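These notes are about the structure you will find just below.
The values are calculated or read from the model by the stated rules, or taken from the named source; none is laboratory data. Predicted model, so just to flag it, every value in this text is computed and none were measured. Counting neighbours? That spans all protein chains shown, and the Cβs are built from the backbone with ideal geometry, glycine included. Just so you know, the surface numbers come from the protein's heavy atoms only, side chains and all, with ligands and any DNA or RNA stripped out. Shrake-Rupley method; radii C 1.70, N 1.55, O 1.52, S 1.80 Å.
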Amino acid sequence: MTTQIVLASTAFGLVTATAAYESGGFDRCERRILVITCTTAMPEATMPMRAVAGVSELMSRFDAVYDYNACIEPQHPSIWRPRPGDLPLWERHFRQLWDLGADDLHLVVESIHVNPAQAVCRIFGDARIDVYADGLMSYGPTRSALPEMVASRIERLLHPDLVPGVTPLLLSDRRVPTVIIPDESFRAVAKIMIAENAVARSSEPVAMIVGQYLAAGELMCELQEVDLYAEMISRCAEAGYSALVFKPHPSAPPTQLARLHHAARAQGVRLAIADERELAEAWFERGAVELVVGCFSTGLLTAATIYGLPVARVGTEMMLEQLTPFQNSNRIPVTLVDALIPDLSSLAGPKNALRSSMEEANMDEVRALVVAVGYAMQPLRLAARRPEAVAFLAEHYESHSRYFKRRRLTRLGLPGRMPPPLPTPKPTAGSRLCRRLRRARTSLGQWLLSAPGTRRNSTESAA
Amino acid sequence: MVGKVIRLSVIVPFFNVERYAAENLASLAQNANPDMEFILVDDGSTDATSSIIAEGAAWLSGAQLIRLSRNSGLSAARNAGLAQARGRYLSFLDGDDVAAPGHFSALVQVIERLRCDFVRTDHVQVRGRQRLLHRTSHAPRGVACPARSGIGPAGQRSSVDAPYAWAGIYHRRLLEAGLLRFDEDLRTCEDRPWIWGLHLHAHTFAVVGLHGVRYRRDISASLTQLSDERQFDFIPAFERIIHQVSADPDASILLLKALRSYCAVICHHLSQRERYPLSLQYKLQNAIVASLRRLPVEPLQITIAALDVERAVTVEKLLLEAA
């Protein structure tokens, strides 16, 4: 008997995994269990996933639901990991806790490079593993070396087709095949996530600002992040949108909303805060949104690709500048959003149709850009992609220099690197003499070469 | 609200904790219960804390807000909360800490089951995502015991060595007996004489394995890490304890425990003295020397003899200066 274990840390992840299942993406299994976890800095202060509209419906499709955080309490799921020698103990423990008997196991996890997914994959050492995408991050290269015992068992990467024509780099170094989760399946599941009373509530469509957790992710300070959202509010107002909704990220710590309201008042626009118990995708699904604005949120791409909604970005230039180190795994999401989505200020007139923006992008170029940036991020893991990176940079570096750092390119010897230092001048008669004297290493030579003020007595320097 | 029975009042003082106040409130929301009240005390905050908890008081069910016009210190803030509390039981949470979902309901259940004056708990110390379980030493655990058994002999860690008011739940009769009031003139270390007072004067208590409080240890601004004179209040705090137990019929045993704890805390503060500017280091040393001079000589000698060599030498040196 086979039991499938789906591990999900967000409602969006649960939607992705469910869509993959509903589209027939998995082999048959006799039993399916869902293991939920919360990996925010303080899970005890985070809204539980089951409070999100539609999640209990999705949960009811599983034979059982377990809370991983409760299983390892008081430890934090991002930190706790079993010691190698203890793995069989933990397997016995979890098999008992989750009523797994001696079943064959099939793990379906996201974010395989970190705990808790990696801990679970290590504990169930014989299980087959499928990975599902955690948003735009999956388009970037594998962040860190996976334990061989985990990596070798990964069979597929399942992902929604957020950037049609571009294949995720994640796990490509292990030649893990990718499988697209069809848009229709994703939308069918997202439809379930509409809050019951939401349709009655909504009136005219709004411009939605999708928040992230940039400060909690240590990409900037809290003040900067709030400033960024305030800027989005003013720029939306300037572009002619008067009804705005701010959608806080479900994993973000509570934001200081007072400042956002203040920004909206200053611009004379209405700002509502979206109920955190509803996914952004549910808003897209019920046609409540006429424009989606964000920095580099995955929500921008779901809106544009899966829902065909107009989208605009704010702040990616700053992020490209600030992201450090170069291999920061947010780099590919930022790059994709910057390359594919127009800046909000490029809206010529109010409510300009942005619908076509994605079609305008040269997808071949974007595909090659992702490979080149990905290679520069993880040159060892993606060594095989070097020729593609070289070809792209040789042709496009000038127009795409904002996605790279010259020092990085120089270190990797890629086109766009800094020019080599100036060649040393041709030796003159004088310099030849100096060199010869130096080589002779005689006390006279040393004495002649030293600056007059510092000359010591010749016997001393000979000694 | 009229006629509603409040089972538990949780007193939550806040002072300039804008980064953490919202998480604190979010965790209270996952503890809310119709028969619970959360008394949020804004201790004269000057940052965004005030607006965060004012907003929180509006949506958090069972919350009420007390605003102190100026910063009065943790003791005064807790006392202000106690004055408003209507619950049959009382508990605390600091404004920068977090309680696990359902923690307070579990506390109420356990004190109702054990029927004692107060219950003390373990807790979890949090540094970023690192967590460390902190146990409160006592045996037997999970059983109502005489309150005095929580003091324990010198040289053995006990409930009074985990002086965290928020690691517990307290019956209202202790409030009525005046035992839950904090000394407002102590700016730090107020928990020490408080917990000693409880163990000396209450009848029964228990230590249980609940550990729902997440105690942040990574805050640079936290008072336990401040490097100013307020830290020196451990001296009057311990002198108060020693004064109290000296008059007690069990003085001979209690005094040794109090002195032992005092010496340990003295050594701890001296080992940390480099945090202070030089003038304060002298001041600290002088204050300790003066305090040692006031202590009963014979019990102090017994205490020093039982210290490990390093601490014994430290205290001996100070005593020589006192002589």
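Counting only helices (runs of 4 or more DSSP H) that sit completely within the range A:173-292, those holding 2 or more residues that are within 14 Å of another protein chain (Cβ to nearest Cβ) and over 24 Å from the mean Cα position of the chain (by Cα) correspond to A:257-267. Here is a check on your reading of the model: is A:Gly101 at pLDDT 95 or above, farther than 27 Å from A:Glu22 by Cβ and either open to solvent by 10 Å² or more (accessible area, probe 1.4 Å) or within 14 Å of chain B (Cβ to nearest Cβ) (or both)? It is false that A:Gly101 is at pLDDT 95 or above, farther than 27 Å from A:Glu22 by Cβ and either open to solvent by 10 Å² or more (accessible area, probe 1.4 Å) or within 14 Å of chain B (Cβ to nearest Cβ) (or both). Among the candidates A:Ala119, A:Ala145, the residue that is at pLDDT 95 or above and more than 19 Å from A:Val179 (Cβ to Cβ) is uniquely A:Ala119.
Condition check ((1) open to solvent by 60 Å² or more (accessible area, probe 1.4 Å); (2) touching a residue at least 40 places away in the same chain (Cβ under 8 Å); (3) more than 19 Å from A:Pro333 (Cα to Cα)) across all residues:
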| position | (1), (2), (3) |
| --- | --- |
| A:Pro177 | yes, no, yes |
| A:Met193 | no, yes, yes |
| A:Asn197 | yes, no, yes |
| A:Ser203 | yes, no, yes |
| A:Ala216 | no, yes, no |
| A:Val226 | no, no, yes |
| A:Glu231 | yes, yes, yes |
| A:Arg235 | no, yes, yes |
| A:Ala239 | no, yes, yes |
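If you filter the range A:39-58 down to residues that are out of contact with any His (no Cβ under 8 Å at 6 or more places or on another chain) and free of Cβ contacts under 8 Å to residues at least 40 places away in the same chain, you find that the one that is farthest from the other protein chains (Cβ to nearest Cβ) is A:Ser56. Evaluation of A:Ser78 against the conditions (1) within 14 Å of another protein chain (Cβ to nearest Cβ); (2) not aliphatic (A, V, I, L, M); (3) not in a loop (DSSP other than H, G, I, E, B) shows that the sole unmet condition is (3). Within the range A:59-75, the set of residues being closer than 30 Å to B:Arg216 by Cα and either basic (Lys, Arg) or away from chain B (no Cβ under 12 Å) (or both) comprises A:Tyr66, A:Tyr68, A:Cys71.
Selection over the range A:344-391 of residues that are at pLDDT 75 or above and either small (Gly, Ala, Ser) or not in a helix (DSSP H, G or I) (or both) gives a count of 16.
Answer yes if at least one residue in the range B:174-188 is in contact (Cβ under 8 Å) with a residue 40 or more places away in the chain, outside any loop (DSSP other than H, G, I, E, B) and either of a type in the set (S, T, N, Q) or crowded, with 19+ Cβ neighbours inside 10 Å (or both), and no otherwise. Checked against the condition, which is being in contact (Cβ under 8 Å) with a residue 40 or more places away in the chain, outside any loop (DSSP other than H, G, I, E, B) and either of a type in the set (S, T, N, Q) or crowded, with 19+ Cβ neighbours inside 10 Å (or both), the range B:174-188 yields at least one hit. In the range B:35-84, the qualifying residues are those that are assigned to a loop (DSSP other than H, G, I, E, B) and in contact with a Lys or Arg (Cβ under 8 Å, 6 or more places away or on another chain), and the one that is surrounded by the most Cβ atoms within 10 Å (Cβ to Cβ) is B:Gly73.
For the range A:105-150, taking the residues that are open to solvent by 10 Å² or more (accessible area, probe 1.4 Å) and polar (S, T, N, Q), the one that is farthest from the chain's Cα centre (by Cα) is identified as A:Gln118.
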